[in-house]
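Novice: Structure incoming, see below.
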Number of protein chains: 2
Amino acid sequence: MAATGAPTRAGAPAPLRWDGERLHALDQTALPWEERVIELADGAAVAGALRRLAVRGAPLIGVAAGYGLAMDAAREPTLAALDRAAAVLRSARPTAANLGWAVDRVVGAARGAGAGPRLAAAARAEAEAIDAENAAAGAAQARLGADLLAELGVRRILTHCNTGALACGEPGSALGAIAALAQREAAVHVLVCETRPLLQGARLTTWELRRLGIAHDLVVDAAAAGLVRAGAVDAVVVGFDRMAANGDTANKVGTYGHALAAQAAGVPFVFVGPTSSIDPAIATGDDVEIEERDAEEVRRAGGELVAPADTPVRNPAFDVTPAALVTAVVTERGVARPVDAGTLAALLR
Amino acid sequence: MAATGAPTRAGAPAPLRWDGERLHALDQTALPWEERVIELADGAAVAGALRRLAVRGAPLIGVAAGYGLAMDAAREPTLAALDRAAAVLRSARPTAANLGWAVDRVVGAARGAGAGPRLAAAARAEAEAIDAENAAAGAAQARLGADLLAELGVRRILTHCNTGALACGEPGSALGAIAALAQREAAVHVLVCETRPLLQGARLTTWELRRLGIAHDLVVDAAAAGLVRAGAVDAVVVGFDRMAANGDTANKVGTYGHALAAQAAGVPFVFVGPTSSIDPAIATGDDVEIEERDAEEVRRAGGELVAPADTPVRNPAFDVTPAALVTAVVTERGVARPVDAGTLAALLR
């Protein structure tokens, strides 16, 4: 249960720590300037932390939501109360797939256990199981990802957004694989894209890499393509939010541009993430709806207004990378390579 | 002499206005929040304005430097004094090609005129000639650019950085062509890339487009590729800093990624700029040295720190777009299309 265990390998407080009664969360809105741990005592507190992005990253959101319900079940162990708590949590981040999935699992386990102490125990056990499964999946992704990168001779890596312990619990998806590679190979170096608009690369990935002792340089997102062309990296390695059955993949906006640059330069482009992020119900990338987020995210940077206050904005949170640009997909169940409907279906069987 | 004339077509103070004795500059560091006009009374004041980017953009830098020397020549009309003033101006922005070029022209004209009132008159006449030639070149680029875009059926355009009156004097290079197209076609829409790290797109291009009444949306640079893939634009149109003899071209970092996205989506990619930015002494893009700028530009956004204070950074100011990705180059002397050593050499003959 690395997500809720001891301090991270990076020597920092764990992004989530479950003490058996309460959840302790590293407040990611305060990073990288302050390592502030907040105590979350019930589901409403967890929902609030998710809403304001104190706890973020699809896998970590699921783990936190599970413990939120377990705490509420301990306090008022009835199905009616649990359903109310589930509704509050579900609404915290309506687009996070892992949130609804984790809430469903805990409510389902509790429903089968009656009421009273048995309901509370069942909810808690399911939350702990989600945590443990997530940690095991992350460890497997990291190991398989490092194996692949080592096989490809990769040392210098470009990454985007944040996919480390802060997003997934230890060790992370793409950043977990990079960290595992760095444990085997001394010369690993990471180019970190700042990831506008919310700057998760600049704020969070740099912070994690520093704590892990992995060499890195921060770049603006627009610098990535030219540096890839100039031979600055051996591979692009990123996480993913939702992969269609054919391998077309939605991820944080900017990912597609990095994939084009990798193809043009002839360097591998690798996705790392859990099989739960592969959605076989979606045929191709054309069927993925792209969420447009608030204009203020673009009008501001680091809290400061950087454009006229009412400038019209487009702010797609994701883009779609066609499967043809993807060298390999690393999951906890194995590696799809090449990436197509057949290799992905084999992973899910 | 549009650069130093009446208020811009955008209804704002001119980026530079020469009243015959002094230079009045719109302070671009205060935009878009305040339209502050500063009076520059001598070459040292011009040099200071260039250093702090109150006046910026290669063509505008050249025009301002010319007037700076003219003012110094009027005050102390000797060649010795003019040489001292030239050294101060030349050092203000050592990498700006147009700066040294304009200083050389004014000093050369003055040198041929002796001393006293005739020296002062020659310096002033040369500065005014540089201004007038720049304005004529901009007008021709805008007209030829709009012709090309109209021929290609382009209405929705992605652009990068700032290439309008603020960079070039009226009407601008790429933005001048877009504005000229908008005068012919009502449906013109511009996607403006914010252009990290210094955000010239967010701060300056949005401000110019609003004053011109041209519909636009601001996007983070990382969103460009996905939007181009999704069919949001008919063309990518940008300025350029330095073009090699074979058409490989250095421009503001991020340009290359937009060119890859345009190629993948099958939409035209067009450079607009003066022939003075084509450097036949450079054979290919491999020979262009890429300036790395200060790390603080990346660590900060809108003045605020957005990464750990001592995070290592790479900050290339430019990238290189290979000629093969370029549909056409529009200059004041005509259009190169396709773009290769032959079509470019023909433009320069």
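Here's the yes/no breakdown for (1) open to solvent by 40 Å² or more (accessible area, probe 1.4 Å); (2) under 27 Å from B:Gln28 (Cα atoms); (3) among the hydrophobic types (A, V, I, L, M, F, W, C):
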{"position": "B:Ala64", "(1), (2), (3)": "no, yes, yes"}
{"position": "B:Ala70", "(1), (2), (3)": "no, yes, yes"}
{"position": "B:Ala73", "(1), (2), (3)": "no, yes, yes"}
{"position": "B:Leu82", "(1), (2), (3)": "no, no, yes"}
{"position": "B:Ala102", "(1), (2), (3)": "no, yes, yes"}
{"position": "B:Ala109", "(1), (2), (3)": "no, no, yes"}
{"position": "B:Ala115", "(1), (2), (3)": "yes, no, yes"}
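Novice: Of the conditions (1) closer than 30 Å to B:Val288 by Cα; (2) within 11 Å of chain B (Cβ to nearest Cβ), A:Arg293 satisfies every one except a single condition; which number is it?
Specialist: Condition (1) is where A:Arg293 drops out.
Novice: Scan B:Asp310, B:Asp248 and give me the residue that is open to solvent by 40 Å² or more (accessible area, probe 1.4 Å) and farther than 23 Å from B:Arg93 by Cα. Steps first, answer last, please.
Specialist: On the way: B:Asp248 fails: open to solvent by 40 Å² or more (accessible area, probe 1.4 Å).
When all the criteria are applied, what remains is B:Asp310.
Novice: I'd like to know if segment B:117-135 contains one or more residues that are open to solvent by 60 Å² or more (accessible area, probe 1.4 Å), at pLDDT below 95, at negative phi and of a type in the set (Gly, Ala, Ser).
Specialist: Within segment B:117-135, not a single residue is open to solvent by 60 Å² or more (accessible area, probe 1.4 Å), at pLDDT below 95, at negative phi and of a type in the set (Gly, Ala, Ser).
Novice: Being within 30 Å of B:Ile290 (Cα to Cα) and either open to solvent by 20 Å² or more (accessible area, probe 1.4 Å) or over 21 Å from the mean Cα position of the chain (by Cα) (or both) is the filter here; which residues of segment B:225-239 pass it?
Specialist: B:Ala225, B:Gly226, B:Leu227, B:Val228, B:Arg229, B:Val233, B:Asp234, listed by residue number.
Novice: Continuing with this model, one more query. Working only within segment A:199-224, note down all residues that are open to solvent by less than 10 Å² (accessible area, probe 1.4 Å) and under 18 Å from B:Tyr256 (Cα atoms).
Specialist: Once the filter is applied, which keeps residues that are open to solvent by less than 10 Å² (accessible area, probe 1.4 Å) and under 18 Å from B:Tyr256 (Cα atoms), segment A:199-224 yields A:Val219, A:Val220, A:Ala223, A:Ala224.
Novice: Looking at segment A:231-253, can you tell me whether even one residue there is of a type outside the set (Ser, Thr, Tyr), more than 7 Å from chain B (Cβ to nearest Cβ) and part of a helix (DSSP H, G or I)?
Specialist: For segment A:231-253, residues of a type outside the set (Ser, Thr, Tyr), more than 7 Å from chain B (Cβ to nearest Cβ) and part of a helix (DSSP H, G or I): absent.
Novice: On the given criteria, is A:Gly169 more than 23 Å from B:Ala309 (Cα to Cα), away from chain B (no Cβ under 14 Å) and modelled with pLDDT under 95? Reasoning before the result, please.
Specialist: On the way: more than 23 Å from B:Ala309 (Cα to Cα): yes; away from chain B (no Cβ under 14 Å): yes; modelled with pLDDT under 95: yes.
When the stated conditions are applied, A:Gly169 passes them.
Novice: Across segment A:199-215, what is the number of residues that are at positive phi and more than 8 Å from chain B (Cβ to nearest Cβ)? Break it down into steps so the answer makes sense when it comes.
Specialist: Step one: list which residues in segment A:199-215 are at positive phi, which gives A:199, A:213.
In the following step, the residues that additionally are more than 8 Å from chain B (Cβ to nearest Cβ) were identified as A:213.
The number of residues fulfilling the criteria is 1.
Novice: Can you find a residue that is open to solvent by less than 30 Å² (accessible area, probe 1.4 Å), within 22 Å of the chain's Cα centre (by Cα) and at the interface with chain A (Cβ under 8 Å from one of its Cβ atoms) anywhere in segment B:256-271?
Specialist: The answer is yes, given that some residue of segment B:256-271 is open to solvent by less than 30 Å² (accessible area, probe 1.4 Å), within 22 Å of the chain's Cα centre (by Cα) and at the interface with chain A (Cβ under 8 Å from one of its Cβ atoms).
Novice: If you check A:Val55 against the conditions, is it in contact (Cβ under 8 Å) with a residue 40 or more places away in the chain and open to solvent by less than 10 Å² (accessible area, probe 1.4 Å)?
Specialist: On the way: in contact (Cβ under 8 Å) with a residue 40 or more places away in the chain: yes; open to solvent by less than 10 Å² (accessible area, probe 1.4 Å): yes.
Criteria met by A:Val55.
Novice: Does A:Arg196 fit the bill of being surrounded by fewer than 23 Cβ atoms within 10 Å (Cβ to Cβ), under 25 Å from A:Ala54 (Cβ atoms) and within 14 Å of chain B (Cβ to nearest Cβ)?
Specialist: Answer is no for this residue.
The values are calculated or read from the model by the stated rules, or taken from the named source; none is laboratory data. Note that the structure is a prediction, hence the values are computed from the model and not measured. Counting neighbours? That spans all protein chains shown, and the Cβs are built from the backbone with ideal geometry, glycine included. What goes into the accessible areas is simple: the full protein's heavy atoms, side chains included, and nothing from ligands, DNA or RNA. Shrake-Rupley method; radii C 1.70, N 1.55, O 1.52, S 1.80 Å.
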